[in-house]
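Q: Okay, here's the structure, questions in a sec.
Just so you know, all these numbers are worked out from the coordinates, no wet-lab data involved. Not measured: the values here are computed from a predicted model. No Cβ is skipped: glycine too gets one built from the backbone with ideal geometry, and neighbour counts run over all protein chains shown.
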């Protein structure tokens with residue numbers, strides 16, 4: 001009977017640096033009307049994105 005050799009586990013990649021989310025100027029964001037910009041990319045927020053939908057829309061260069 002052959003003995004099984006244990007599989008070697010691959011080394012785990014090092015943790016990446018946390019994402020630095022660009023933030024909008026609060027005064028410019030307050031003056032922004034989200035109704036004037038339409039999202040064509042249908043992007044959703046990242047799980048760790050602290051920004052509001054309005055802020056993401058304001059900063060998006062694709063929409």
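Q: May I ask you to list the residues in segment 20-43 that are on the phi < 0 side of the Ramachandran plot, exposed (fewer than 10 other Cβ atoms within 10 Å of the Cβ) and assigned to a loop (DSSP other than H, G, I, E, B)?
A: Within segment 20-43, 20, 22, 33, 38, 40, 41 qualify.
Q: While we're looking at this one, here's another question. Which residues, counting only those in segment 7-43, are in contact with a helix residue (DSSP H, G or I) (Cβ under 9 Å, 6 or more places away or on another chain) and without any contact (Cβ under 8 Å) to a residue 24 or more places away in the chain?
A: If the condition is that a residue be in contact with a helix residue (DSSP H, G or I) (Cβ under 9 Å, 6 or more places away or on another chain) and without any contact (Cβ under 8 Å) to a residue 24 or more places away in the chain, then 43 is the only one that fits.
Q: For segment 47-63, give me each residue that is in a loop (DSSP other than H, G, I, E, B) and more than 10 Å from residue 21 (Cα to Cα).
A: Passing the criteria: 47, 52, 60, 61, 62, 63.
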